[in-house]
Protein chains: 2
Amino acid sequence: MVITNGIANGVRNNLPKGHQATFSSENIPSSEFQERVERVRDGLRAAGLVGLISFGDCWRGANVCYFTEFRPLDGVSDIANAIFFVGADTEPALFVSRQCFHYASEVTSFDVFTFDEMQAKLEGFSGARTGTVALAGEAYIPEDLHRRIRNSLGNLTMEPHPVLAEIKAIKSEREIALIRKASYLTDQAMEAIRETLADGHPHTERELALLADQRMLAGGAERTAYDSMVQAGPRSAFNLARPTDRIVQPGDLVMTDIGARYRGYCADGGRGFIYRTEKADPQKKEIVKAAAEAVEAGLSHGRPGMTASELNAFMQQALVKSGYEQYSSEARGHGTGHGTGMDPEEEAPWIGPGNKTVLKENMVFTLKATITVPGVGGLRTERIVRVTSMGIEALDVYPMELYW
Amino acid sequence: MVITNGIANGVRNNLPKGHQATFSSENIPSSEFQERVERVRDGLRAAGLVGLISFGDCWRGANVCYFTEFRPLDGVSDIANAIFFVGADTEPALFVSRQCFHYASEVTSFDVFTFDEMQAKLEGFSGARTGTVALAGEAYIPEDLHRRIRNSLGNLTMEPHPVLAEIKAIKSEREIALIRKASYLTDQAMEAIRETLADGHPHTERELALLADQRMLAGGAERTAYDSMVQAGPRSAFNLARPTDRIVQPGDLVMTDIGARYRGYCADGGRGFIYRTEKADPQKKEIVKAAAEAVEAGLSHGRPGMTASELNAFMQQALVKSGYEQYSSEARGHGTGHGTGMDPEEEAPWIGPGNKTVLKENMVFTLKATITVPGVGGLRTERIVRVTSMGIEALDVYPMELYW
C-alpha cells in the first residue's frame with residue numbers, strides 16, 4: 001500500500017508538514033492550536049496528570065479538533081478514529097489511520113503517526129514513568145482502541161478526566177465568530193420551514209427537514225451538525241425522533257431540533273411552533289409559552305461568576321412554576337443546557353443541578369426547555385449562547401414563540 | 001423526566017407498538033424484519049451460538065437497522081447507541097436510550113427497552129445458560145457500553161462473530177431498489193460537479209463538495225451517506241481527505257468519493273477526472289484508464305459461485321499489469337471492494353485475497369481501484385454492484401473515464 005510504504009521509505013520526511021494548502025482567514029491558525037496545547041499542559045500539571053489521551057471520531061471530533069484541523073472520515077475501522085496525545089512534558093502527537101496519514105500531515109504542524117506506530121510511541125512515553133494519564137472521550141471511545149491503548153501504557157494508569165472538557169468550554173473570539181455563523185444558518189433553516197408552510201399546501205416532516213438542510217447548505221454550511229429532527233402532532237411529544245412521511249396537520253404542535261456545521265463549528269437549535277394556531281387547542285399555546293419563558297429566565301438571569309447550578313435553577317424553577325413539571329425533563333432536574341461548539345454536544349459546561357462550575361466569559365453552551373405532553377404534543381426550545389462580561393448573549397436570534 | 005416516568009407508570013403499555021405513522025411503500029415492512037430475525041436465529045443455531053448482541057450507532061447503524069427502522073440520534077451519550085439482542089430461542093429486544101424510547105417503540109414491532117433495563121434483561125437471559133453470544137460491531141462498540149454488557153452476561157462468553165455480517169450481505173429486492181435510488185442520486189452529484197466546472201470559472205474543492213451534496217438533497221436524498229471528498233491536484237494523491245479552499249486548476253487530476261443516503265440505504269461512489277485534460281500531463285490519463293480497466297475487469301469477470309478472493313484476483317492483476325502496482329493499495333493486496341447498503345461500509349463481503357466467501361445472487365458491494373502517485377495525483381474509481389444470476393450488475397451508471 002503506497003501510504004504504508006511511503007512511511008517505511010521515509011517519504012514522511014518529504015511531506016510539507018503543516019502546509020496550509022489554500023485556507024481561508026476563517027481557519028484557526030497554527031499559533032492558536034499551539035496555545036491550546038500549552039493551556040492543556042498547564043492543566044495537566046495543575047491536576048497532577050502526566051498526559052492526556054484525547055479521543056475523537058468522525059462525528060464527535062471535538063477532543064481532537066481542539067488541537068488540529070484534522071477530522072477523521074466515515075468508516076467501520078480506524079479510518080473513523082483519531083487520538084491526540086499530549087504529555088505534560090513532551091511534544092504532542094496525532095495518531096490516525098494509514099489512509100488518513102497524508103491528509104493529517106497536511107493540516108497540522110504537530111507530529112503525525114499512524115495507529116500502527118501508536119503502541120511503540122506510547123510505550124516509549126510510559127517507559128519508567130508512573131502516574132495517571134487523563135482520557136477524554138471515555139463515553140464513546142471504541143472498546144477495541146481502548147484495549148490497544150491500555151496495553152501500551154506500562155505502569156501508567158488511564159482515567160476519565162474533565163481537564164480538557166473544562167479548558168475547551170471557553171471559546172476564542174475566532175471560535176465564537178464561527179459558532180455565530182453556524183447559528184445564523186440554523187435560524188435560516190427555521191425560516192425555510194416557515195416560508196414553506198405559508199404556502200398552505202400539505203408538507204411532511206421529512207420534507208420540512210430536507211428543506212431545512214437545503215437552506216443551511218445554500219447559506220454555506222459544510223453540512224448539518226446532526227440529522228435534523230422535525231416531529232409533528234403526537235410525534236412532537238417524543239423527546240427525540242427522526243422525521244417520517246407524516247403530513248403536518250392544522251393545529252399541530254411541531255418540534256424541531258436543527259443545527260448547521262460551518263467550518264468545523266456547530267449550532268444546536270431547538271424551536272417548536274403551532275401550525276395554523278387557530279385550529280389548535282389553547283393548551284398548545286401554553287406549552288410554547290412555558291418553554292420560552294423558562295429559556296428567557298436563563299437568558300436574563302445568567303451572569304459570569306454564577307455557577308452552572310445557579311443558572312439551571314432559574315430555568316428549572318420557571319418550568320416548575322408553569323405547571324408542566326411532570327412533562328419536562330429539565331423541570332425534573334436533568335439539566336437545562338450543555339456545552340457545544342466543535343460537536344453539537346460537548347461535555348462541559350453542563351448546566352444542571354449540583355454543577356459548581358463557575359460560568360466564565362466566552363463559555364458557549366445551550367439553554368433549553370423541553371415540554372412533551374403525551375397525546376397532545378411538545379417542543380424543545382433551545383438557544384445557543386455565550387457568557388459575556390455582563391451576562392448571557394444568545395448567538396441565534398430566531399424568535400421562541402412561533403404561532404404560524 | 002416524562003419518558004422515564006412514562007415507563008415506570010406503565011404508559012409503555014398504551015403505546016401503539018409498531019405503529020407505522022404514515023410510512024411510504026418504500027419502507028421495509030414488519031414482515032421482512034420478522035423474516036430477518038428468523039434467518040439470524042437459524043444462523044445462530046447453525047453456528048452453535050446462544051444469541052447475538054448487535055451494536056449500531058447513529059452513523060454505523062446497519063447491525064441494528066437490519067432488524068428495525070430505528071436509528072439512534074447524534075450525541076456523546078447513549079442517545080447515539082442501540083443494541084438489538086436476538087436469542088437463539090427467545091424473543092428479540094431492542095435497547096435504546098430513554099430519550100429515544102418513544103420513537104423506537106413507534107417504528108418497531110419488537111419489544112423495546114431502555115439501556116437502564118438492559119442489565120436485568122441480559123441477566124435474565126444468561127440465567128443458568130452457558131455458551132457463547134456473538135457480537136456484531138466489535139470494531140466500534142464503545143468501551144463503556146461493552147463493559148456494561150460483559151458485566152450482565154453471567155457465565156456466557158461474548159465473541160466477535162461474522163454470523164450477522166454474512167447474512168445481511170445478501171440484500172432483498174426492496175433493499176436493492178433503495179440502493180439503486182441512492183446510486184442514482186450519487187451519479188447526479190457527479191453530474192453537478194461536471195456542470196459546475198463547465199462554466200470555466202474558478203471553483204474550490206469545498207464548493208464542489210457542497211454542490212454535490214446539494215444535488216443529492218435536491219433529488220430526494222435524506223442526507224449524504226458520508227462527508228463528501230473532493231481532492232484536487234497534489235491532494236488527489238491522498239487516500240482520504242476532506243475538501244479545502246484549493247481552487248481546481250487546469251490539468252488537475254481530481255479524486256471524488258461521494259455517496260447519497262436514501263431512506264436508510266447508501267451508495268458509496270468514487271470517480272476521478274481530469275479538469276481541462278489538454279493541460280494535463282499524459283500520465284494522468286493513463287492513471288484514469290488503469291483504474292477504470294481494473295474495475296471493468298471485476299465487472300466483466302465476476303460470477304455467482306466464484307469466491308470473493310477470485311473476483312479480487314481479476315482486479316488486482318489488472319492493476320499490477322497497469323504498472324501502477326506501487327501506487328495502488330488494491331494492487332498490493334489490501335482488497336478491491338467491501339460490503340455496503342445500510343452503512344457506506346459494511347463488513348461483508350470483503351473482496352480481497354484469501355476470502356473464501358462464495359458470491360451469491362443479490363450480494364451488494366463495491367468494486368474499487370485506487371491509484372495515488374505522490375506529487376502527480378490520483379483517484380479512486382469505485383462502483384456499487386450486485387451479484388445477479390449471470391454476473392455482476394453495476395447499480396450506478398456514471399462513466400468511469402472522465403476527461404473534462
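The values are calculated or read from the model by the stated rules, or taken from the named source; none is laboratory data. Quick caveat, the model's predicted, so the values are computed rather than measured. Methodologically, a virtual Cβ is constructed for each residue, glycine included, from the backbone with ideal geometry; neighbour enumeration extends over all protein chains shown.
Quick notes
- Flag if A:Ile83 is without any contact (Cβ under 8 Å) to a residue 60 or more places away in the chain and not in a loop (DSSP other than H, G, I, E, B): no
- Check on A:Leu379, within 14 Å of chain B (Cβ to nearest Cβ) and closer than 18 Å to A:Ala280 by Cα: yes
- Test for B:Ala294: is it modelled with pLDDT of 95 or more, out of contact with any Gly (no Cβ under 6 Å at 6 or more places or on another chain) and crowded, with 24+ Cβ neighbours inside 10 Å: yes
- For segment A:56-76, the set of residues classified as at the interface with chain B (Cβ under 9 Å from one of its Cβ atoms), farther than 19 Å from A:Asn27 by Cα and out of contact with any Asp or Glu (no Cβ under 8 Å at 6 or more places or on another chain) consists of A:Asp57 only.
- B:Val133 falls short on exactly one of the conditions (1) under 18 Å from B:Cys65 (Cβ atoms); (2) part of a strand (DSSP E or B); (3) of a type in the set (A, V, I, L, M, F, W, C), and that condition is (1).
- Wholly enclosed strands (runs of 3 or more DSSP E) of segment A:246-342 bearing at least 2 residues small (Gly, Ala, Ser): A:269-274, A:337-339
- Lone unmet requirement of (1) within 14 Å of another protein chain (Cβ to nearest Cβ); (2) surrounded by fewer than 17 Cβ atoms within 10 Å (Cβ to Cβ) for A:Pro282: (1)
- Members of segment B:36-55 found to be of a type outside the set (Gly, Ala, Ser) and more than 14 Å from chain A (Cβ to nearest Cβ), listed by number: B:Arg36, B:Val37, B:Glu38, B:Arg39, B:Val40, B:Arg41, B:Asp42, B:Leu44, B:Arg45, B:Leu49, B:Val50, B:Leu52
- Only listed residue being at the interface with chain B (Cβ under 10 Å from one of its Cβ atoms) and charged (D, E, K, R), chosen from A:Asp144, A:Asp111: A:Asp144
- From B:Ala348, B:Ala369, residue being assigned to a strand (DSSP E or B) and touching a Pro at 6+ places or on another chain (Cβ under 8 Å): B:Ala348
- Of residues in segment A:227-264 being in contact with a strand residue (DSSP E or B) (Cβ under 7 Å, 6 or more places away or on another chain) and of a type in the set (Ser, Thr, Tyr), the one nearest to the other protein chains (Cβ to nearest Cβ): A:Ser228
- Verdict on A:Glu143 being of a type in the set (D, E, K, R), in contact (Cβ under 8 Å) with a residue 40 or more places away in the chain and either touching a Pro at 6+ places or on another chain (Cβ under 9 Å) or closer than 30 Å to A:Ser31 by Cβ (or both): no
- Residue-level analysis places A:Tyr324 among those that are within 13 Å of chain B (Cβ to nearest Cβ) and touching a residue at least 24 places away in the same chain (Cβ under 8 Å).
- Within the set B:Ile176, B:Ile149, the sole residue that is within 17 Å of the chain's Cα centre (by Cα) and modelled with pLDDT of 95 or more turns out to be B:Ile176.
- Criterion (touching a helix residue (DSSP H, G or I) at 6+ places or on another chain (Cβ under 9 Å) and within 22 Å of B:Gly61 (Cβ to Cβ)) met by exactly one of B:Met216, B:Met255: B:Met216
- Residue in segment A:364-377 that is without any contact (Cβ under 8 Å) to a residue 12 or more places away in the chain and out of contact with any strand residue (DSSP E or B) (no Cβ under 7 Å at 6 or more places or on another chain) present: no
- Number of the exception - A:Ala221 against (1) in a helix (DSSP H, G or I); (2) surrounded by 24 or more Cβ atoms within 10 Å (Cβ to Cβ): (1)
- Only one of B:Leu164, B:Leu185 that is part of a helix (DSSP H, G or I), farther than 30 Å from B:Glu38 by Cα and either in contact (Cβ under 8 Å) with a residue 60 or more places away in the chain or more than 10 Å from chain A (Cβ to nearest Cβ) (or both): B:Leu185
- Residues that are touching a helix residue (DSSP H, G or I) at 6+ places or on another chain (Cβ under 7 Å), more than 22 Å from B:Ala47 (Cα to Cα) and not in a helix (DSSP H, G or I), drawn from segment B:143-161: B:Ser152
- Any hit, segment B:110-123, residues being under 23 Å from the mean Cα position of the chain (by Cα), among the β-branched types (Val, Ile, Thr) and surrounded by 24 or more Cβ atoms within 10 Å (Cβ to Cβ): no
- Selection within segment A:193-215 - more than 10 Å from chain B (Cβ to nearest Cβ) and surrounded by 20 or more Cβ atoms within 10 Å (Cβ to Cβ): A:Ile193, A:Leu208, A:Ala212, A:Arg215
- Enumeration of residues in segment B:166-179 that are closer than 16 Å to B:Phe55 by Cα and surrounded by fewer than 20 Cβ atoms within 10 Å (Cβ to Cβ): B:Glu166, B:Ile167
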